[in-house]
Amino acid sequence: MNVSPEEARESLAEVGAVSKATWEAAAYRGSDWMFIIWGLVWLLGYVGTAFLAPYTIPYLGMRVSVTALWWVVLLAGGGMASGLVYRKVTPVRWASSARNVGWLWLVLWAYVYLWVGLLVPFLHPEGTRGWIALWKHFGVLLGTVPMCGYLIMGLWLESRLLFWLGLLLTVLLAAGLLLPWLWFWLWCGVAAGGTLLVTGLLARRRGVSRGEH
Amino acid sequence: MAALSSLGPGDQLDFSYLKQSLGATDGNLGAHLQRLEEAGYIKVDKTFVDRRPKTYLTATTRGRAAFEEHVAALREILDSPAGPSRG
């Protein structure tokens, strides 16, 4: 090969840059919309919980929590919207579904439901204060599961944004436990949901979803 | 080939993304890809997504091997104390 060391060095640098950009595009494309979608989900979910918590509706002879229904609708909607956005913007058709980041999230949530299901029979809160504390802890658990996902993805993809966002929101959510009932839910909505929403909007302006981070 | 080889075997990359990321025109990139396809280094899959035509590209096993050989040769040039190799 009749190439000078300088030309070889430039070619290798270009190969590295293109490889990195492609992999990042495959992972990050649409991340701005993901932050906006899930920011809205958390904002509406937590703020909604602050006001809907006391209400139940009758269904098939049982009383079903309106809050639980609210979260099911929001999470299902968020999941569908995320899937549609990802399908539209991703530049890669994966041969193996194992490389689809969506599976990471499904597995993470499935394990959380498993752990909660395993622990619930042993939880016997005492009185109203006990129940309030339990539901606040569930609220923090719900919000910190995706933050764990962000931390993992931040380490996996070497993304400072995802890593620090996951860490920051985990701390903010946990700090909310110090607040009384109503303020706790409002704090989680604004701190977690609001932060994600603002991150998504800033990312759209700065082109983060194009890998410029 | 760098972009395609950065993905896993069988993963397909959108032609439009590749064109945008390389800053190339349809004609330039198309001609380049045609040569790679004729050499057996890539496969081109033309399909429809949401009723819109889409072209996806995949590096073949032969293409990945050729690319890795090329990268290894470039690294050898850098590592060699004698300077660039001839032939």
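Every number here is computed from the coordinates shown, using simple stated rules; none is lab data. What you see is a predicted model, and the numbers here were worked out from it, not measured in a lab. In this analysis, Cβ positions are derived from the backbone assuming ideal geometry, glycine residues included, and neighbour counts consider all displayed protein chains.
Figure legend. Inter-residue proximity from segment A:151-166: first residues in contact (Cβ under 8 Å) with a residue 40 or more places away in the chain and of a type outside the set (A, V, I, L, M, F, W, C), second residues buried (at least 19 other Cβ atoms within 10 Å of the Cβ) and in a helix (DSSP H, G or I), beta-carbon distance below 8 Å, spacing 6+ or different chains. Indicated pairs: A:Ser159/A:Tyr28; A:Ser159/A:Met153.
Quickly run through segment A:138-160 and pick out the residues that are of a type in the set (S, T, N, Q) and closer than 20 Å to A:Ala203 by Cα. Once the filter is applied, which keeps residues that are of a type in the set (S, T, N, Q) and closer than 20 Å to A:Ala203 by Cα, segment A:138-160 yields only A:Ser159. Residues considered: A:Ile57, A:Ile37. Of these, the only one that is among the hydrophobic types (A, V, I, L, M, F, W, C), surrounded by fewer than 17 Cβ atoms within 10 Å (Cβ to Cβ) and touching a residue at least 12 places away in the same chain (Cβ under 8 Å) is A:Ile57. Meeting the requirement of 3 or more residues that are buried (at least 18 other Cβ atoms within 10 Å of the Cβ), the strands (runs of 3 or more DSSP E) wholly within chain B are B:12-14, B:52-59. If only residues of segment A:1-25 that are at the interface with chain B (Cβ under 7 Å from one of its Cβ atoms) and closer than 17 Å to B:Leu13 by Cβ are counted, the one that is surrounded by the fewest Cβ atoms within 10 Å (Cβ to Cβ) is A:Trp23. Number of residues in segment A:98-140 that are of a type in the set (Val, Ile, Thr) and either loosely packed, with under 11 Cβ neighbours inside 10 Å or more than 24 Å from A:Leu179 (Cα to Cα) (or both) equals 5. Would you call A:Leu196 touching a residue at least 60 places away in the same chain (Cβ under 8 Å) and either of a type in the set (Ser, Thr, Tyr) or surrounded by 14 or more Cβ atoms within 10 Å (Cβ to Cβ) (or both)? When the stated conditions are applied, A:Leu196 passes them.
I need the full set of residues from segment A:141-179 which are more than 26 Å from A:Ala26 (Cβ to Cβ) and in contact with a Gly (Cβ under 7 Å, 6 or more places away or on another chain), in order please. Matches in segment A:141-179: A:Leu173 only.
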